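My questions all concern the structure below.
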Amino acid sequence: MKDIWIGFDLGGTKMLAVAFDSDMKPVGRRRRKTRGSDTGMSRIVSTIERLLDDSKIDPDRVAGIGIGCPGPIDLEAGRLLASPNLGWDTVDVRKVLNKRFDCPVAVVNDVDAGVYGEYRFGAAEGSRCVVGIFPGTGIGGGCVYEGNILHGAGISCMEIGHTRISSGVRSSGGEIPGTLETEASRLAIASEAAKLAYRGEAPALLKDAGTDLSSIRSGSLADSVKKGDKAVKQVIEEAATVIGYAVVNVVHMLCPDKIILGGGLVEAMEDLFLDRVRKTAHHCVMPVYKDRFKIVAAKLGDDASVMGAAAFAKSRLEKDDAGTKANGSKD
């Protein structure tokens, strides 16, 4: 009996695999560090194998795998086209997993998977249209519209982090400067905070994390604010204001009833971050839209992407089966 669905999140520095039963209840999980692209797919395969082994699940029970990957996805080929933060380029994710586990594989963008998870099981249940904005090393975006992940023609989209938001001259690895990522990602905030620490304007941050960007994580920024580093708080509020402007742009284009903010930065400073985003968005949006949307924090944490990826794979297979049966009955 094929009754197990695997959700996999290939995000950041760690990968997470979770096995779900047919009711989307977790029955096992496995987390590991992410490696480079040369060994990345073999680690994904071995992580799923260990998950099944640890959970005493026969591989023949796996009905499908959904995997969220950071970067643009060729949806028809199931291929990760590029992932600058991981250093991966053109990886045939579906081909490898399908060959090893002999089951359907859905490959989606990791933020799309997270937003879909929040739509199905979390902060956006019952929404007609939900947009997610997730600031981290970069800034990811995703949209679920009337139950479907919003995609381009055969490719993932909603790369909101790469939209121009200011007249700044800094870029985030592309040709266009002044993007949302360069102005409001955790990396951008940490860069400004490191300067403050170096100049002696953030003594708590300097003591706890120093000036090394790799040490200035979301938690250390939150601790810095709690311990009275007013200059760091101002940098965070400025970044949240910029994200508020991005929310205004999204509302004016799509008018989603829910906008979800997630990621470690939001989790570490939810009240501070959401308050500033909400104030900015409601102050700047056209008056007719002021009462049409809500800005909320994500609820599912790390499980959003794995739940969303598994549920999306299950939904896709069920739709394919329904279509096959419908075509068969017509014949």
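The values are calculated or read from the model by the stated rules, or taken from the named source; none is laboratory data. Being a predicted model, the structure only gives us computed values, none of them experimental. Here the Cβ positions follow ideal geometry from the backbone for every residue, glycine too, while neighbour counts run over all protein chains shown.
From (1) more than 20 Å from residue 179 (Cβ to Cβ); (2) touching a residue at least 40 places away in the same chain (Cβ under 8 Å), pick out the condition that doesn't hold for residue 285.
The number of the failed condition is (2).
Check 243, 260 and return the single one that is touching an Asp or Glu at 6+ places or on another chain (Cβ under 6 Å), modelled with pLDDT of 95 or more and surrounded by 21 or more Cβ atoms within 10 Å (Cβ to Cβ). Give the steps one after another, and end with the answer.
On the way: 243 fails: touching an Asp or Glu at 6+ places or on another chain (Cβ under 6 Å).
Going through 243, 260 in turn, the sole match is 260.
Right, another one. Checking residue 90 against (1) surrounded by fewer than 16 Cβ atoms within 10 Å (Cβ to Cβ); (2) within 30 Å of residue 259 (Cα to Cα); (3) within 22 Å of the chain's Cα centre (by Cα): exactly one of these is not met. Which one?
(2)
Moving on to the next point. Count, please, the residues in segment 45-64 that happen to be crowded, with 17+ Cβ neighbours inside 10 Å and in contact with a Lys or Arg (Cβ under 9 Å, 6 or more places away or on another chain).
First pass over segment 45-64, keeping only residues crowded, with 17+ Cβ neighbours inside 10 Å: 47-48, 51-52, 57, 62-64.
Right, trim to in contact with a Lys or Arg (Cβ under 9 Å, 6 or more places away or on another chain) and you get 47-48, 51-52, 62-64.
Of the residues in that region, 7 qualify.
Condition (residue is of a type in the set (Gly, Ala, Ser) and closer than 21 Å to residue 120 by Cα) applied to segment 54-61: is it met by at least one residue? Explain how you work it out, then say what you get.
Looking only at segment 54-61, we keep the residues that are of a type in the set (Gly, Ala, Ser), and these are 55.
Checking which are closer than 21 Å to residue 120 by Cα leaves us with none.
Scanning segment 54-61 turns up no residue that is of a type in the set (Gly, Ala, Ser) and closer than 21 Å to residue 120 by Cα.
Only one of (1) touching a strand residue (DSSP E or B) at 6+ places or on another chain (Cβ under 6 Å); (2) surrounded by fewer than 21 Cβ atoms within 10 Å (Cβ to Cβ); (3) assigned by TED's automatic domain parsing to the domain that holds residue 143; (4) modelled with pLDDT under 95 is not met by residue 278, so which one is it?
Result: residue 278 passes all but (4).
Among the residues of segment 170-211, which ones are among the acidic types (Asp, Glu) and surrounded by 15 or more Cβ atoms within 10 Å (Cβ to Cβ)? Working first, answer last.
Going through segment 170-211, the residues among the acidic types (Asp, Glu) turn out to be 175, 181, 183, 192, 201, 208.
181, 183, 192, 201, 208 - these are the residues of segment 170-211 that are among the acidic types (Asp, Glu) and surrounded by 15 or more Cβ atoms within 10 Å (Cβ to Cβ).
Return the residues of segment 263-275 that are out of contact with any Lys or Arg (no Cβ under 9 Å at 6 or more places or on another chain) and surrounded by 23 or more Cβ atoms within 10 Å (Cβ to Cβ); say none if nothing qualifies.
266, 273
Okay, moving on. Can you tell me which residues in segment 212-222 are crowded, with 17+ Cβ neighbours inside 10 Å and either at pLDDT below 95 or not in a loop (DSSP other than H, G, I, E, B) (or both)? Quick ask: steps written out before the conclusion?
Step one: filter segment 212-222 for residues crowded, with 17+ Cβ neighbours inside 10 Å, giving 216, 218, 220-222.
Listed by number, the residues that qualify are 218, 220, 221, 222.
Can you list residue pairs whose Cβ atoms sit under 7 Å apart, with the first residue in segment 216-234 being under 12 Å from residue 269 (Cα atoms) and the second being assigned to a loop (DSSP other than H, G, I, E, B)? Count only pairs 6 or more apart in sequence or on different chains.
Every condition considered, the pairs that remain are 220/209; 222/269; 224/202; 225/269.
Run residue 72 past the list (1) within 15 Å of the chain's Cα centre (by Cα); (2) crowded, with 18+ Cβ neighbours inside 10 Å and report the number of the one that doesn't hold.
Every listed condition holds for residue 72 apart from (2).
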